[in-house]
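The values are calculated or read from the model by the stated rules, or taken from the named source; none is laboratory data. Because the structure is a prediction, the values reported are computed rather than measured. No Cβ is skipped: glycine too gets one built from the backbone with ideal geometry, and neighbour counts run over all protein chains shown.
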């Protein structure tokens, strides 16, 4: 089930986010940059701001199975540009359709609000995520801007048939 995130989800969201990030950051950046109590608190605070954001400015969606949070996605629209800021699936739930369901729910939300183009940044060493996004139609920035350790991808949101 995909649903809108609630403040009561924040601890579970932050923990899931931390577990997911560890899978691609471990061994590449210092652990305190993605794990540990201080980073977990910072992560929770960031998610708290996202969950509290007005619906017109974005959204946070949770995937849930049998009462357990299995994935989370967040997007934001600012200055006329929509960005998929986060999409994480708990590693124990990989390859079960959770990420695809979250992605589809984001697409639905974007279509409802008339969004036609979405941006995201993906860690250059996160090949699993890059393959996922490519499968879902995301394309690399035509002119890479050298944004450091992340690649910029874009998605054109096609209107639903009949629109």
Please find, among 151, 107, the residue that is at pLDDT 95 or above, buried (at least 16 other Cβ atoms within 10 Å of the Cβ) and under 17 Å from the mean Cα position of the chain (by Cα).
107
Could you check, for region 82-91, whether at least one of its residues is assigned to a helix (DSSP H, G or I) and more than 23 Å from residue 154 (Cβ to Cβ)?
yes
Examine region 97-105 for a residue that is under 22 Å from residue 25 (Cβ atoms) and either in contact with a helix residue (DSSP H, G or I) (Cβ under 7 Å, 6 or more places away or on another chain) or without any contact (Cβ under 8 Å) to a residue 24 or more places away in the chain (or both), and state whether such a residue exists.
yes
Only one of these conditions is not met by residue 64: (1) modelled with pLDDT of 95 or more; (2) touching a helix residue (DSSP H, G or I) at 6+ places or on another chain (Cβ under 8 Å). Which number is it?
(2)
Conditions (1) at pLDDT below 95; (2) surrounded by fewer than 17 Cβ atoms within 10 Å (Cβ to Cβ); (3) closer than 23 Å to residue 159 by Cα; number of the one not met by residue 58
(2)
When you scan region 48-63, how many residues do you find that are over 13 Å from residue 87 (Cβ atoms) and in a helix (DSSP H, G or I)?
7
